[in-house]
1. Among Pro77, Leu62, Ala89, whose Cα lies farthest out toward the positive end of the dipole of the range 52-99, if unit charges sit on the beta carbon of Lys, Arg (+1) and Asp, Glu (-1)?
2. Quick one: accessible area per residue over the chain, 1.4 Å probe, rounded to a whole number of Å²?
3. Largest first, how would Ser220, Ser43 line up by accessible area (1.4 Å probe)?
4. Can you tell me, using C-alpha contacts under 8 Å and at least 6 residues apart, the relative contact order of the range 111-221 as a whole percent?
5. To the nearest 0.05, what FRET efficiency results for Thr287 and His127 with a Förster distance of 30 Å applied to their C-beta separation?
6. Contour minus end-to-end for Phe297 and Ile31, with contour as 0.36 nm per residue of separation and end-to-end as the Cα-Cα distance?
7. Which percent of the accessible heavy-atom area of the chain goes to carbon and sulfur, probe 1.4 angstrom?
8. Summing -39500 (n - 2.57) over the DSSP H runs of n ≥ 4 in the chain and dividing by its residue number, what mean residue ellipticity at 222 nm do you reach, to the nearest 500 deg cm²/dmol?
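The values are calculated or read from the model by the stated rules, or taken from the named source; none is laboratory data. Since we're looking at a predicted model, the values are computed, not measured. Using ideal geometry, Cβ is built from the backbone for each residue, glycine included, and neighbour counts are taken over all protein chains shown. Keep in mind that these areas ignore ligands, DNA and RNA; they rest on the heavy atoms of the full protein, side chains included. Shrake-Rupley method; radii C 1.70, N 1.55, O 1.52, S 1.80 Å.
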Amino acid sequence: MAPLVSAPSLPALEEAAPDGCFGSFVVHVHIQPMEMEVIPVESLMREGFAPDLSRPFRIPGLMPTDLRMVDLIREKPYGDLVIDYFTDARQVNTVPDGKASIREIATNISQGNSYAKFGSEMLFREHPELLSHLPLDRVKKVTGEGYIDASLIGDFLTIPVFMAHGHEGDGADGGEGGRATPRTDLHCEPIANVVLQVSGSKLWTLYPSESSRFLRPKISPDGRAYVFSARDPADEDLQTIDRYSVVLNKGDAMFLPSWTWHRVDYLPGITALSVSFFHVRIKDMFTNNPIFALATFPNMMKEFFGIKMQ
């Protein structure tokens, strides 16, 4: 499938210099990641405070650090739920290739010798009572009223749980078409997201929607509503684009506006579990990237009517 937007190569510095100045060398000018706004919990919870939802921001320590979610997902009846998962998340694959109970997958991941990863909405879809274990009052202060409620799950609210264990390596030794450790490759979605880091840590790399023309976007091959980047993750040009680089630690939260590009890396030696609140902000969906919104609209309908789930 051809890219949705023409993505020309980023101009090398030599193209703007006098002929022969740099000979035949291509110069990549790496830039440092941008500073992300940090909102203290005290400011967020202050009466009348409303965060700027047009850009990403991080809230350190939004959640209590004694949440039992890691244990709960292995207990009955939650651990009995059978879900799709990636048996080897080192491979570049957008479609899960395995199926097992959450208890079995989570146990194997926690032991640290598995390259599996799961990212499933089915736990909260089947057991919305689990919301009582999360700080919903604080999440609602991020999103505003009307976006986070159990009655919206499956329609305008999706709550996937993500889990994997990071392994040593720089990504170059993961086998053919793979990498050394599990990660989620660069993509963007029509929904806004409040991600809660329940346990462990993960590295997030974010690119604004305005950078889409540099990322060789393509519609998802599995019929779900997202757009992925066809760029090689090792491409040096990715270091020349404005971006954020943020490590979320246990208890932290982060907000991502609609169509924010993101890649997630699982850090070596750490088992990480996070919960995301994917919520629909219709105006932002169409104003942040109208081309992507129109191109993925049929897939959005498949997800809305439950034809495509993961």
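1. Leu62
2. That works out to 46 Å² for each residue.
3. Ser43, Ser220
4. Result for the range 111-221 is 26 percent.
5. Efficiency computed from Cβ-Cβ geometry: 0.30.
6. Result for the pair: 92.3 nm of gain on full extension.
7. It is 53 percent, rounded to a whole number.
8. Only helices count here, giving -4500 deg cm²/dmol.
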